[in-house]
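Below is one structure, written out as structure tokens; the observations come after it.
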């Protein structure tokens, strides 16, 4: 039977089957594969990395602040300006790490600057402890002193500030000051490493304006892929040689 003589119902059935096959998801002509300008994931900016409480250097500053607070109020006279100076220096060393970590989300320059302020504040605090020992003719422990080595070993595994509060309450002023000085030397090593890491992150990722520009260009399809950049770089290198 030719097509003209088929019943109307059968003709409609064939027409529906034809339309269904054309609109089937398995049809290659109907599949929509998202395309991207390159294979890299979209560039992100404003990373929420302000987890400063996980930094060991910040944890050390909390202990140093507690030691200093109890030391200053126990061993220094009431009304002595050094009390406020030492407590404020310890607080600055702690707070500027936190503030720098949070502000670093939008300003790497501010992050590095505030971390350096923290380092300077703790350096000032260390001088106050050393002056305390010097003016009272007390002994400052040498680097290789057994008590210094014991303190360094203890502070590597004990990070509870309450333990150090008890230590200040039960030790002499000479011992408490030397414990603080030993921890401040450890702090100086840790904060220097943190600053170097921040500087390297700035060199690798740039500032917020650079990150925003890269993210916008990539979202609009105008940011070149890594392979394209490498290709152009090699072509440029060859042309320079020629």
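What follows is calculated from the coordinates using simple rules that are stated; it is not laboratory data. On a predicted model such as this, the values are computed, not experimentally measured, just so you know. No Cβ is skipped: glycine too gets one built from the backbone with ideal geometry, and neighbour counts run over all protein chains shown.
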In whole angstrom, the spacing between the Cα centers of the stretch 128-156 and the stretch 160-175 equals 14
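Would you list 140, 78 from fewest to most Cβ contacts within 10 Å?
Sorted ascending by nearby Cβ count, the order is 78, 140.
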Taking other Cβ within 10 Å of each residue's Cβ, how do 162, 123 sort, fewest first?
162, 123
Rounded to a whole number, what is D in µm²/s for the stretch 107-153 from Stokes-Einstein with the Kirkwood radius over alpha-carbon pairs (20 °C, 1.002 mPa s)?
166
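If r is the Cβ-Cβ distance from residue 166 to residue 109 and R0 is 41 Å, what FRET efficiency results, to the nearest 0.05? Show your work: numbers first, answer last.
Working: r = 41 Å, r/R0 = 1.00.
In this case the efficiency is close to 0.50.
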Taking a cut-off of 14 Å, what percent of all Cα-Cα pairs in the stretch 79-120 are separated by more than that?
47
Stokes-Einstein, Kirkwood over Cα pairs, the stretch 52-217, 25 °C, 0.890 mPa s; D in µm²/s equals 145
Residue order, fewest to most surrounding Cβ atoms within 10 angstrom, among 65, 187:
65, 187
